[in-house]
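Enquirer: Here you go, one structure.
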Amino acid sequence: MSYQTEYLNSLKDPEGFWAEQAKRIDWYRPADKILSTDQDGLYRWYQGAMTNTSYLALDNHVENGRGDQVALYYDSPVTQTKASFTYREMRDEVARIAGGLKKLGVQKGDTVIIYMPMIPQAVMSMLACARLGAVHSVVFGGFAPHELAIRIDDAKPKVLITASSGIEVDRIIPYKPMVDKAMELANYKPEKVVIYQRKLGALVPSKNYDVDFDQMLAEADTVGCVPVEATDPLYILYTSGTTGKPKGVVRDNGGHAVALRYSMEAIYGIKPGDVYWAASDIGWVVGHSYIVYAPLLTGATTVLFEGKPIRTPDASTFWRIISEYKVKVMFTAPTAIRAIRKEDPQGNFIKQYDLSSLKYQFLAGERCDVDTLKWLQSQLGVPVIDHWWQTESGWPMLANFPGIELLPIKPGSVSKPVAGYDLQILAEDGSLVSPMEEGYVAVKLPLPPGCLPSLWNNAQGFKDSYLERFPGYYFSGDGGFKDEEGFTFITGRVDDVINVAGHRLSTVEMEEIVAAHPAVAECAVIGANDSLKGQIPMALVVCNQDSKTFHEVAEEIVAAVRSEIGAVAALKKVYQVQRLPKTRSGKTLRKLLRAIVNGEEIKIPSTIDDPAIVQEIDEIIHPSIKQITS
Ligand code: COA
Ligand code: AMP
């Protein structure tokens, strides 16, 4: 079947299409209705069906003869450790962790926060929650205690699972003191904190809520899978939005399993038994979907990599892993490739490895510049596929389809919509734009299975954030255009979200922290283009009279963002400016600021009809900011 036929079928008869795809799943009970709406008027898939995601990811494969196949390779250059787990071993370990959590009182519907480095126990803890019908929320290890506390207060976890430490290249990151700090900061208090002791030297005094992970397992029985409704939540994943507070994206069980299973074959061309590697982190959606759930739901083998593309120990690591585990498809962020290319521009490391197993290289998470894509394509000699999606969708929205039909690769484009996504480019007034005209990227409702049904305990927030802007559509927050042949190009976020090294962050959240500094009268945090990380945050600050030098103020601002959000925020550039461009009502013109610092042509919005403001921007503000930041 051609891509076009598959795609059109999915739009002509969504229920028929997704009823067919649901046959890939071994349900405990099939759905009463393929598509329905819930009490909030939101679309839901597979109502009435019963399943268990952990069963589908592990037990089902053991029952069907894959017990001895490796489910997960763990490769950790930072601890010089390698391990592998068969499907049977994973199932047994997960069943025991689930037994331990059950003993701590975790039941179906309870929430559990997982704040762990990239170790097998983290993946197994996610699956153990799923086994109990509990809802996990993984928090990225690079977030600081304050961020963890915000998520604790929103998710209200019964238990928090962590590890004694992580490792960033050559630096131990002690997680436990950060958890203790978050426990102090949060208003809601989880009953227990389960700690996996990595024995890397990061020991801290224990608290009365502590439970040792190994001890918990030693005292636990294995437990079976608890059937849940297809529409029950599997996990919450917090992501940055346009306010200072992260949004709790909810994923259900049934639609998620069907969509991921479909994506592995149609998009990635992966079959049961193949080896698939997503070099991301379980704290991000790519990690949830393509390190943990999709490969395991498919009966493939996944790779869990605890390291970096460079410095662990060098720019050869990715190629070693592909060659060592015979990876068929690899997925990473363009930043990782840019970092590798900087260290090894001639691709000398690449030539040292047998990469014949690799059939496709996928990129996503941020915009991929054409130069990087072409470099990688020439080095690897396989199709390099840039594809586009978000935490909210949980799986690709625009992609190429090696499993159905490999479309021509147009560098700079993220190709065409995936089955189920009626993706359109809209003008300001919601009408469709013409080819080559830039607009807002939106998807006509209903979204396909796997996409977020709502936000955690916040259906109104879901409607306000995504459905209100263009009635009848889900609005992605991205801008883009389609060419005459329907290939889509993403031009970037049209809101205050930025992507730093493939990590999604909110400038508003950073701005709140910068503004809280006593020397700051007003400020703006914006995304500046960066040749390695794609974007980096930059703070422009107007100061009050203060006894400190600006250098001291800037250092304190950098430290404050690092301690409130975490090192991953990477705010290092802070500039003092005399004035910020504003509307008459006092609204900062962020889009204009972005254009100034990125050296683009500036357009003063037509809504600014005050000639004095226009003149001030043109003659004073623009040249001075340009000079300071360039
Ligand atoms: N735990 C604790 N700290 C973390 C962390 C984690 N899990 N992840 C990142 N950090 C820290 C880093 O150590 C760094 O701290 P520093 O400022 O003290 O050096 C800071 O957060 C910024 O990290 P990062 O943006 O990753 O920069 P880097 O210089 O350490 O590494 C790259 C640069 C290019 C190697 C790295 O950004 C990378 O691998 N990018 C690819 C990202 C990716 O795969 N994203 C997944 C999305 S699909
Ligand atoms: P996240 O939710 O962290 O996956 O980030 C999603 C955002 O990253 C999207 O809204 C885009 O702005 C950006 N993004 C992801 N993939 C791509 C891509 N291939 N090209 C351009 N931007 C991308």
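Here, each number is a calculation from the coordinates, and none is a lab measurement. Because the structure is a prediction, the values reported are computed rather than measured. With ideal geometry, Cβ positions are generated from the backbone for all residues, glycine too; neighbour counts draw on all protein chains shown.
Enquirer: Using a Debye calculation, one point per C-alpha and no hydration shell, please list log10 I(q)/I(0) for region 536-579 at q = 0.13, 0.19, 0.20 Å⁻¹ in order.
Expert: Results for region 536-579 at q = 0.13, 0.19, 0.20 Å⁻¹ read -0.28, -0.57, -0.62.
Enquirer: When the chain is fully extended, how far beyond the present Cα-Cα distance does GLU601 get from MET436, taking 0.36 nm per residue of separation?
Expert: Length difference between fully extended and current span is 57.5 nm.
Enquirer: Could you rank the peptides 189-200, 247-258, 320-331, 276-287 by their average count of other C-beta atoms within 10 Å per residue, with the highest value first?
Expert: Per-residue Cβ counts within 10 Å, averaged per peptide and sorted highest first, yield 247-258, 276-287, 320-331, 189-200.
Enquirer: Label LYS374 and GLU484 with points 7 Å out from Cα along Cα→Cβ: what is the distance between them in nm?
Expert: It is 2.2 nm.
Enquirer: I'd like the antiparallel share, as a percent to the nearest 5, of DSSP beta bridges with both residues in the chain.
Expert: 60 percent
Enquirer: Sticking with this one: Normalise the Cα radius of gyration of region 450-534 by 2.2 N^0.38 Å (N = residues in it) and let me know the number.
Expert: Dividing the Cα radius of gyration by 2.2 N^0.38 Å gives 1.39.
Enquirer: Which whole-number percentage describes the relative contact order of the chain, with Cα contacts under 8 Å and a sequence gap of 6 or more?
Expert: 12 percent
Enquirer: Here is a follow-up. Could you pull out every residue, at least 5 positions away or on a different chain, whose amide H is within less than 5 Å of the one on CYS543? Hs are placed 1.01 Å off N in the peptide plane, and Pro or chain starts have none.
Expert: It is ALA521, VAL577, by chain and number.
Enquirer: Once Rh is set to the Kirkwood radius over Cα pairs, what Stokes-Einstein translational diffusion coefficient, in µm²/s, holds for region 495-629 at a temperature of 37 °C and a viscosity of 0.692 mPa s?
Expert: 215 µm²/s
Enquirer: Given C-alpha coordinates of the chain, what is the ratio Rg to Rh with the Kirkwood estimate of Rh?
Expert: Reported Rg/Rh, Kirkwood definition of Rh: 0.96.
Enquirer: Next question. For region 495-629, give the magnitude of the charge dipole about the Cα centre (Cβ charges: +1 Lys/Arg, -1 Asp/Glu; no others), in debye to the nearest 20.
Expert: 260 debye
Enquirer: Additional query: What's the extension gain from ASN208 to GLU552 if we count 0.36 nm per residue and subtract their Cα-Cα distance?
Expert: Value of the extension gain: 119.9 nm.
Enquirer: Which value, in debye to the nearest 20, describes the size of the charge dipole of region 156-248 about its Cα centre when Lys and Arg Cβ atoms bear +1, Asp and Glu Cβ atoms bear -1, and nothing else is charged?
Expert: Charge dipole of region 156-248: 440 debye, to the nearest 20.
Enquirer: For the chain, what is the charge dipole size about the Cα centre, in debye to the nearest 20, if Lys and Arg each add +1 at the Cβ and Asp and Glu each add -1 at the Cβ?
Expert: 1000 debye
Enquirer: Could you grab the relative contact order for region 495-629? Cα pairs under 8 Å, six or more apart, rounded to a whole percent.
Expert: 20 percent
Enquirer: For region 1-78, I need the span (max minus min coordinate) of the C-alpha atoms along each principal axis, in Å, sorted largest to smallest.
Expert: 45, 34, 31
Enquirer: Okay, helix-only estimate at 222 nm for the chain: each DSSP H run of n ≥ 4 adds -39500 (n - 2.57), divide by all residues, round to 500 deg cm²/dmol; what do you get?
Expert: -8000 deg cm²/dmol
Enquirer: Next up: Quick one: net charge around ALA57, please, counting Lys, Arg +1 and Asp, Glu -1 for every other residue with C-beta under 12 Å from its C-beta.
Expert: Taking every Cβ under 12 Å from that of ALA57, the sum is +2.
Enquirer: Could you tell me which residue out of THR239, PRO383, ALA612 lies farthest along the dipole of the chain toward its positive end? Charges go on the beta carbon: Lys and Arg +1, Asp and Glu -1, centred on the Cα centre.
Expert: Of the listed residues, the answer is PRO383.
Enquirer: What fraction of the Cα pairs in region 39-196, stated in percent, has a spacing above 29 angstrom?
Expert: More than 29 Å apart: 25 percent of the Cα pairs in region 39-196.
Enquirer: Roughly speaking, what is the centre-to-centre gap between region 338-370 and region 125-148 when only Cα atoms are used, to the nearest Å?
Expert: Each part's Cα centre sits 31 Å from the other's.
Enquirer: To continue, here is another question. Distance between Cα centroids, region 454-486 to region 542-620: provide it in whole Å.
Expert: After rounding, the separation between the Cα centres reads 28 Å.
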